[in-house]
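Everything on this sheet refers to the single structure shown next.
The values are calculated or read from the model by the stated rules, or taken from the named source; none is laboratory data. Bear in mind that the values here come from a model prediction, so they are computed numbers and not experimental data. Here the Cβ positions follow ideal geometry from the backbone for every residue, glycine too, while neighbour counts run over all protein chains shown.
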Amino acid sequence: MDSADRTILDALQMPHASWLDLAASLITIIGQSEVVGVVALGVAIAWLRARRRDWWIPLLLAVIVAVEVAGKVLIPQAPPPHELSRSIHFLPFLESPTQYAFPSGHVARIAFLVTALRWPWIAAMVLVLVMAVTRVYLAEHWPSDVLGGWLLGYSLAAVAKRP
């Protein structure tokens, strides 16, 4: 998987321009746990006030975060080399660097939220794909990390939304 990860990362970093670094860095803010957490909490409160029986589902985001952190502690998948990084750190006080990179929390959180909230599938797919590409383009994650994040987020949401 290492050679495939590196090949895909190199291909995504091929069209280098500073505006891409800026755009990708801004997009990743959407996937920050603080941003997604506020959205999930707001949706849960709105659903509770609307007396929806599934009001608790957005709160499962906490499970995503717990599994993500456990993975980054227990699965020895080193992130891409720092010298490949193209991230612009707008909110460094929100960052919590870890030694390992698997799975991508940004992708897991977005995949969970758009699936749990039942976004139209094309919009959900586009947002998750854009988040995945930005994480690899910025060299914050390998493609296998974002695939793991997508599987984590989508799987938990799919199980929670079962009738």
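Among 132, 157, 124, 108, which is the only one that is assigned to a helix (DSSP H, G or I), touching a Phe, Trp or Tyr at 6+ places or on another chain (Cβ under 8 Å) and at pLDDT below 95?
Of the residues listed, the single one that is assigned to a helix (DSSP H, G or I), touching a Phe, Trp or Tyr at 6+ places or on another chain (Cβ under 8 Å) and at pLDDT below 95 is 157.
May I ask you to list the residues in region 9-45 that are acidic (Asp, Glu) and closer than 22 Å to residue 81 by Cβ?
10, 21 - these are the residues of region 9-45 that are acidic (Asp, Glu) and closer than 22 Å to residue 81 by Cβ.
Looking only at residues that are surrounded by 13 or more Cβ atoms within 10 Å (Cβ to Cβ) and either of a type in the set (S, T, N, Q) or free of Cβ contacts under 8 Å to residues at least 40 places away in the same chain (or both) in region 71-90, which one is nearest to residue 108 (Cα to Cα)?
Going through the qualifying residues, I end up with 72.
If I filter region 1-31 down to residues being charged (D, E, K, R) and crowded, with 16+ Cβ neighbours inside 10 Å, which single residue comes out as nearest to residue 89 (Cα to Cα)?
21
Being among the aromatic types (Phe, Trp, Tyr), under 18 Å from residue 84 (Cα atoms) and surrounded by fewer than 22 Cβ atoms within 10 Å (Cβ to Cβ) is the filter here, so list the residues in region 119-154 that pass it.
none
Would you check which residues across region 1-35 are part of a helix (DSSP H, G or I) and farther than 25 Å from residue 78 by Cβ and list them?
Within region 1-35, 18, 19, 22, 23, 26, 34, 35 qualify.
Pull up region 46-105, narrow it to residues that are in a loop (DSSP other than H, G, I, E, B), of a type in the set (A, V, I, L, M) and in contact with a helix residue (DSSP H, G or I) (Cβ under 6 Å, 6 or more places away or on another chain), then point me to the one that is modelled with the lowest pLDDT.
Within region 46-105, the match that is modelled with the lowest pLDDT is 88.
Go through 68, 34 for me and flag whichever is surrounded by 15 or more Cβ atoms within 10 Å (Cβ to Cβ), of a type in the set (D, E, K, R) and closer than 22 Å to residue 124 by Cα.
Of 68, 34, the one residue that is surrounded by 15 or more Cβ atoms within 10 Å (Cβ to Cβ), of a type in the set (D, E, K, R) and closer than 22 Å to residue 124 by Cα is 68.
Tell me yes or no: at least one residue of region 98-112 is touching a Gly at 6+ places or on another chain (Cβ under 8 Å), in contact (Cβ under 8 Å) with a residue 12 or more places away in the chain and surrounded by fewer than 17 Cβ atoms within 10 Å (Cβ to Cβ).
Looking for residues that are touching a Gly at 6+ places or on another chain (Cβ under 8 Å), in contact (Cβ under 8 Å) with a residue 12 or more places away in the chain and surrounded by fewer than 17 Cβ atoms within 10 Å (Cβ to Cβ), one finds at least one in region 98-112, hence yes.
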